[in-house]
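Take a look at the structure below.
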Amino acid sequence: MRADEQHSDEIDNGHEEARLLTDIIQQQRLYPVFQPIVDLCTGECLGHEALIRGPRNTPLHAPYHLFNAAIRNHLLHRLELLCRRRSLECFADQPLAGKLFLNVSASLLSTPEHQHGFTADLLQELGIPQENIVIELSEQHPFDHHGLTRSAVEHYRQMGFRIAIDDLGSGYSGLKLWSELQPDYVKIDMHFVRNIDRDSVKREFVRSICNIGHTLRCHIIAEGIETRDELHTLQEMGVRYGQGFLLGRPTQTPRLQIEPQLIRHGYLQSRAAEPGLAQADTARALVRSVPTVSPQDSLADVSEIFRALPGAASIPVVQDGEPVGVVRRAELLELFSTQYGRALYEQKPVSRLMRTDALIVASDTPLARVSRMITEQDESALLQQEMIIVQDGCYLGLASVRDLLKRITELKIRNARHSNPLTLLPGNVPINQEIDSLLQRACDFHIAYFDLNHFKPFNDCYGYSRGDQVIRRLGALLTAHADSESDFVGHIGGDDFVVLFRSRDWRARCARVISAFDQQVQSLYRASDLAAGGIWSQDRNGQAAFFPLLSLAVGVVHPDPYKCSSYHEIAELAADAKKQAKLQTGSALFLSSRRCLAHPRRDETRASA
């Protein structure tokens, strides 16, 4: 074929494509399909993403061809406004659960075709509450020359919409974009989800995203889940929401492909499999799976749940995944027991009998804190004996005061079995379990190894009773200056202690411990020894030697949770840091720059206290 003939065919094909696309837009021959977005903890549907399709049996049926044709023919924004209208109209026509995730091009805001208030006016016309819409913005499209700007996000946020960023990891700006825009939802690109159960690099990436999301109070959604192994891996890593063919395919009448109880069962299995004490010491350990109802459900529905669950005293009431109250068995029975009570009230909505005084507890709340929350309530509330456990604000399960008391008793027995008898602090077993748990969850923490300098000569000179007093005082100081909500204090044995710091002001806390120890230790010496600045005793070779006053060596390590696999590696790093601290004169803190064993030693940083 000659070049001019080929060029002529391309022109004809271009004209045909333009005619077809113009006809599609003018006659509104587009239709949306909806894909479920599922809560991976409860199996409930968070919402649906609207995806557009062109007319069947045409070259523009697939969205890739449809939108690329629109780009080539400068009709993109007309097409997108039509997509938005058709998605909202079809969403309003059928009773889909949860929120609608609506794809919007950020670059549309800066074009003449942009119609201010178009979406809000259309929602009002269709009777869709604005809070049910999540505007989903993406940087993956080549036509988004202006990118995802703060003005684009603020435009929709000020109108009352929630914001999602699509395909995190596929664009050019990644985490910088996230930190600047601080959306309500972030979607992880399916590339990082595919075969995540067999790819440690992808797991590390997703685990990092989860940690950042937790810090920024942003919900994470994993896209492209296609196998049960991928699903269970994401559940184990704490990813809250997901979508993909395994959960539900995009159709005009969407439904879940997998039963909610199977999703829930997989989540509970993954939680139970987590090692370490952190899981057992938090409200998550109390969770019992109890079905939920919505405020619009009937009291007859609640009655049937109570009939199927004779041991349940309360049923949680959940709206869009978030708990709003409970219905209590005793109150429902009292209402139905009156004359004509059942006939009058069984078709009434749950909101008629719902109570909003249930205690709502975050799943990562320490059990000691949960106990204080219970006892701080008034007596009437305490008698209700139920707690709603949430993760990131969303319903996770129900718990009772009885469960709490039983769990605390079990923990006290376990802690007594593994605690140091002198200080009653956790010993080696719980210390190692706690470290492994922090590594498993990729938590950011510092481990500080506290050791006494010249303790043996002091113990030989003053006797073991005075030596025990020193050890107890140090344990009490560490407990007093650590954050009881986030830090973990352990007693390895003898005069060796560790503190696992989650608190960010760990350095200031260590400095306060050192200062307090240096002051208190002076009261344990005789005046003559204190004036001399130390004591005479035998060294390890049996020779008389002078030893300075007791001081505190603190070796600190900031482990990399992605490169350290177990407490064995952390213990070796901490022991090395302690040795470096003991080389200093007097009480000192030494911060090691080594974050894992695999890396070569770098220059160490020292800070004398």
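The values are calculated or read from the model by the stated rules, or taken from the named source; none is laboratory data. None of these values were measured; they are calculated from a predicted model. Cβ sites come from the backbone with ideal geometry, for glycine too, and all protein chains shown count toward neighbours.
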Which one is nearest to the chain's Cα centre (by Cα), of the residues in region 129-163 that are in a loop (DSSP other than H, G, I, E, B), more than 18 Å from residue 321 (Cβ to Cβ) and at pLDDT 65 or above?
160
I'd like to verify a number: residues in region 54-98 that are surrounded by 18 or more Cβ atoms within 10 Å (Cβ to Cβ), among the basic types (Lys, Arg) and in contact with a Gly (Cβ under 9 Å, 6 or more places away or on another chain), how many?
0
Residue satisfying all of: in region 376-399; touching a Leu at 6+ places or on another chain (Cβ under 9 Å) and part of a helix (DSSP H, G or I); modelled with the lowest pLDDT among these
381
With respect to residue 186, is the statement that it is part of a loop (DSSP other than H, G, I, E, B), touching a Leu at 6+ places or on another chain (Cβ under 7 Å), modelled with pLDDT of 80 or more and under 17 Å from residue 165 (Cα atoms) true?
no
Filter region 317-375 for residues that are touching a residue at least 40 places away in the same chain (Cβ under 8 Å), over 16 Å from residue 301 (Cβ atoms) and assigned to a helix (DSSP H, G or I) and give the result.
367, 368, 369, 370
Can you tell me which residues in region 500-510 are touching a residue at least 60 places away in the same chain (Cβ under 8 Å) and in a strand (DSSP E or B)?
500
Is at least one residue of region 540-549 at pLDDT below 90, over 47 Å from the mean Cα position of the chain (by Cα), within 18 Å of residue 467 (Cα to Cα) and in a strand (DSSP E or B)?
no
For region 61-100, name all the residues that are more than 13 Å from residue 31 (Cβ to Cβ), under 33 Å from the mean Cα position of the chain (by Cα) and not in a helix (DSSP H, G or I).
95, 96, 97, 98, 99, 100
For region 98-128, which residues satisfy the criterion of being touching an Asp or Glu at 6+ places or on another chain (Cβ under 8 Å), at pLDDT below 85 and among the hydrophobic types (A, V, I, L, M, F, W, C)?
104, 106, 108
I'm checking my understanding of the structure. Among residues of region 227-264 that are within 21 Å of residue 204 (Cβ to Cβ) and of a type in the set (D, E, K, R), which one is farthest from the chain's Cα centre (by Cα)?
229
Of the residues in region 212-239 that are in contact with a strand residue (DSSP E or B) (Cβ under 6 Å, 6 or more places away or on another chain) and in a loop (DSSP other than H, G, I, E, B), the one that is surrounded by the fewest Cβ atoms within 10 Å (Cβ to Cβ) is 218
I need every pair where a residue in region 576-592 that is at positive phi and at pLDDT below 95 has its Cβ under 9 Å from the Cβ of a residue that is of a type outside the set (Val, Ile, Thr) and surrounded by fewer than 18 Cβ atoms within 10 Å (Cβ to Cβ), sequence separation at least 6 or different chains.
586/518; 586/548; 586/608
Condition met for residue 401 (over 30 Å from residue 498 (Cα atoms) and free of Cβ contacts under 8 Å to residues at least 40 places away in the same chain)
yes
Which one of these is within 15 Å of residue 397 (Cβ to Cβ) and over 29 Å from the mean Cα position of the chain (by Cα): 341, 311?
311
Exclusive hit being under 30 Å from residue 249 (Cβ atoms), at pLDDT below 85 and part of a loop (DSSP other than H, G, I, E, B), set 42, 58:
42
Those residues that are modelled with pLDDT under 95 and surrounded by 20 or more Cβ atoms within 10 Å (Cβ to Cβ), I need them from region 507-531; list them, please.
521, 525
Hits in region 226-275 (condition: of a type outside the set (S, T, N, Q) and at pLDDT below 75):
262, 264, 265, 266, 267, 268, 271, 272, 273, 274, 275
